[in-house]
Amino acid sequence: MVTVELVFGMMIVTMMLALFGWAVSLFGLQAMCIDSASDIARQAARGDQAAVDREKASAPKGSVIDIDASGGEVRVVVKVRSQPLQLVPGITLQGSATAAKEPGKSQ
């Protein structure tokens, strides 16, 4: 026979495991933002717009990408919002990278 305490305990454990899984996925999503920002900055510094477009397409789904190519460097910020359920507040993650423009490139 299952007691009420055991049922509530199992529900709490299940919710904690789901929360832990979401937290672990945030680390992966953060790493993807950093990798995307780095790749986009490197390609933009080279002046390769086709490669920049490919890297933008491979960024995390729903991400917002900001490219600032002022001065002698390219700065890229990739932001993405993670919200597992509509009932809980989401978390905005971001990765950024800066690359020096290669000589002769005007992008």
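The values are calculated or read from the model by the stated rules, or taken from the named source; none is laboratory data. This one's a predicted model, so the numbers in the text were calculated from it and none came from an experiment. Quick reminder, even Gly has a Cβ in these numbers, built from the backbone with ideal geometry, and neighbours come from all protein chains shown.
Quick notes on this structure:
- The set of residues in region 50-107 being surrounded by 15 or more Cβ atoms within 10 Å (Cβ to Cβ), small (Gly, Ala, Ser) and part of a loop (DSSP other than H, G, I, E, B) consists of Ala59, Ser63, Ala69.
- Tally of residues being in contact (Cβ under 8 Å) with a residue 24 or more places away in the chain, of a type in the set (A, V, I, L, M) and surrounded by fewer than 12 Cβ atoms within 10 Å (Cβ to Cβ) across region 1-49: 0
- Meets criteria (farther than 21 Å from Ile91 by Cβ, modelled with pLDDT of 90 or more and either among the polar types (S, T, N, Q) or out of contact with any helix residue (DSSP H, G or I) (no Cβ under 9 Å at 6 or more places or on another chain) (or both)) for Gly9: yes
- When region 11-42 is filtered for residues that are closer than 11 Å to Ala59 by Cβ and either touching an Asp or Glu at 6+ places or on another chain (Cβ under 7 Å) or aromatic (Phe, Trp, Tyr) (or both), the ones remaining, listed by number, are Ser36, Asp39, Ile40.
- Among the residues of this structure, Arg81 counts as one that is among the charged types (D, E, K, R) and modelled with pLDDT under 95.
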